[in-house]
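Note sheet for the following structure.
The values are calculated or read from the model by the stated rules, or taken from the named source; none is laboratory data. Computed from a prediction, not measured in an experiment: that's the story for all the values here. Here the Cβ positions follow ideal geometry from the backbone for every residue, glycine too, while neighbour counts run over all protein chains shown. Calculation scope for accessible area: heavy atoms of the full protein, side chains included, ligands and nucleic acids excluded. Shrake-Rupley method; radii C 1.70, N 1.55, O 1.52, S 1.80 Å.
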Amino acid sequence: MSAVPSSSDRDFNGMFSLARMQVSDLAEVMAIENDVYPYPWTHGNFLDSLYSGYELWTARDAAGVLAGYLLLMLSIDEAHLLNIAVRRDLQGQGVGRLLLDHGVALAQEQGLQSILLEVRPSNDRAVVVYERYGFAGIGVRKGYYPAGESRREDAIVMRLPI
């Protein structure tokens, strides 16, 4: 995979464009976040990530409508995929793959060796997507996710060597 251009916008065959997330994107981001996750991130979580300098990217369709987003934290030798979401009506149409490809390209550009993520075991679809992409389970974080009624759900820790 080639290095990511330094420009803030990239166009993908006229279908979707990727751009760095801005504070002005957060209303649309929150609409998707609240729709697709049972325990969504808060507006404050996104603001903190933006102000911390993490890699936050949006994918928009040709009409400029938000299709999905990616949050990636880069560290010394590994990236951590913190959040990725695709609008419900566009799931299964390659937007998530586009975002993952971009995250991998960003990590490669920085010379990182792998990408780490956590996923709910109950999120079968996401687990399958990550496995197909090449991520492999490397462990479990006990009680990582809220699960309602004061319960917690474990997280599968997955890693993709790059």
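Net length available on complete extension from Gln113 to Asp48 is 20.9 nm, with 0.36 nm assigned per residue and the Cα-Cα distance removed. Across the chain, C-alpha contacts under 8 Å between residues 6 or more apart give a mean separation that, scaled by the residue count, equals a relative contact order of 17 percent.
Helices in the chain, meaning DSSP H runs of at least 4 residues, each add -39500 (n - 2.57). Divided by all residues, the mean residue ellipticity at 222 nm is -8500 deg cm²/dmol.
Averaging the Cα positions of each part gives two centres, and for region 122-162 and region 50-83 these lie 19 Å apart.
Here the label points at Glu131 and Ala31, each 7 Å from Cα along the C-beta direction, are separated by 3.5 nm in the simple model. Using a probe of 1.4 angstrom and keeping all protein chains present, the accessible surface of region 103-157 works out to 57 square angstrom per residue.
Between Ile162 and Ser114, Ile115, the built amide H atoms are under 5 Å apart, and every one of these is 5 or more places off in sequence or on another chain. What net charge is computed for the residues neighbouring Arg120, neighbours being all others with C-beta under 10 Å from the C-beta of Arg120, Lys and Arg scored +1, Asp and Glu -1? Around Arg120, the charge tally is -4. With K and R counted +1 and D and E -1, the other residues having a Cβ less than 14 Å from that of Ile138 yield a net charge of -2. Given R0 = 45 Å, the distance between the Cβ atoms of Ser150 and Asp89 translates into a calculated FRET efficiency of 0.85. With the full set of protein chains in place, find how many percent of the accessible area of the chain is carbon and sulfur; take the probe as 1.4 Å. Exposed carbon and sulfur together represent 50 percent of the surface.
Labels on offer are [x] 132; [y] 104; [z] 121, and the one holding volume of the Cα convex hull per residue in Å³ computed from this structure is [z]. If a/c stays under 1.5 just call it rounded; otherwise compare a/b with b/c (prolate if a/b is bigger, oblate if not). Do that for region 67-109, with a ≥ b ≥ c from the square roots of the Cα gyration tensor eigenvalues. Prolate. In the full protein context, region 19-83 carries 47 Å² of accessible surface per residue, based on a 1.4 Å probe and ignoring ligands, DNA and RNA.
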